[in-house]
Amino acid sequence: MKTMNPAVPIHCDENTSKLGVLILFGSITMLFITFLSTFGTMVAKELSYIKLSGMQQAILVGNACLMILSSLLFDSGFRKWQSTKSARSHRFILSSHILGLVFLFGQITIWQILVSDGLQSGSNVLAGMTYLMAGAHGVHLMTGLVFVAWIWIQLYRGTPIKPLRFRLIGWYWHFLTGLWIVLLSAILILIQI
């Protein structure tokens, strides 16, 4: 019986890893471009259906600010770790993770409010498309939260982390932040037309 050696290292250079992440970003971007173009076409046909109150818009924008702050905290944690290799940077990463969770629960809350106000995915294709975009972003965000939690656990335990992994997880987290800003801006602009 042949046994596999689990200690066989897998080597991958930095440029290949970066390329892989950029291809992932391109794929996700194309998915959301498709969503936004479909959404824009639907809005043109059903302009009067989605109306967000000033309070709902403020909640969405405030929640987006939490995601921006989360991204900034992640970046601060990475920079502190990069300059000192100190596990103390785990506080920034933990704060980033907590704000990511608050953002996710804030999104769930605002969508529940919209459903109770009559914006239900089964009642209108446009509403369904809105929830599809937000849900797809939410799934990617949950994946990002797992990655950020992993980084935090490694820092908290004092386990060595490859700088490239830390950097690429940061790229993914910042990408999700930027993606949400674009999605939210498009939704708010399109429903105001």
Report whether or not Gln107 is of a type in the set (S, T, N, Q) and open to solvent by 40 Å² or more (accessible area, probe 1.4 Å). no
Consider the stretch 141-171. How many of its residues are surrounded by fewer than 18 Cβ atoms within 10 Å (Cβ to Cβ) and within 19 Å of Met30 (Cβ to Cβ)? 2
Filter the stretch 58-74 down to the residues that are over 18 Å from Ile189 (Cβ atoms) and polar (S, T, N, Q) and list them by number. Ser70, Ser71
Residue count, the stretch 170-190 (criterion: under 12 Å from the mean Cα position of the chain (by Cα) and more than 13 Å from Met142 (Cα to Cα)): 10
Those residues of the stretch 77-94 which are assigned to a helix (DSSP H, G or I) and open to solvent by less than 50 Å² (accessible area, probe 1.4 Å), in sequence order: Gly77, Phe78, Trp81, Ala87, Ser89, His90, Ile93
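The values are calculated or read from the model by the stated rules, or taken from the named source; none is laboratory data. Keep in mind that what you see is a predicted model, and the values were worked out from it rather than measured. Using ideal geometry, Cβ is built from the backbone for each residue, glycine included, and neighbour counts are taken over all protein chains shown. When the accessible area is computed, the model is the full protein with side chains, heavy atoms only, and any ligands, DNA or RNA have been set aside. Shrake-Rupley method; radii C 1.70, N 1.55, O 1.52, S 1.80 Å.
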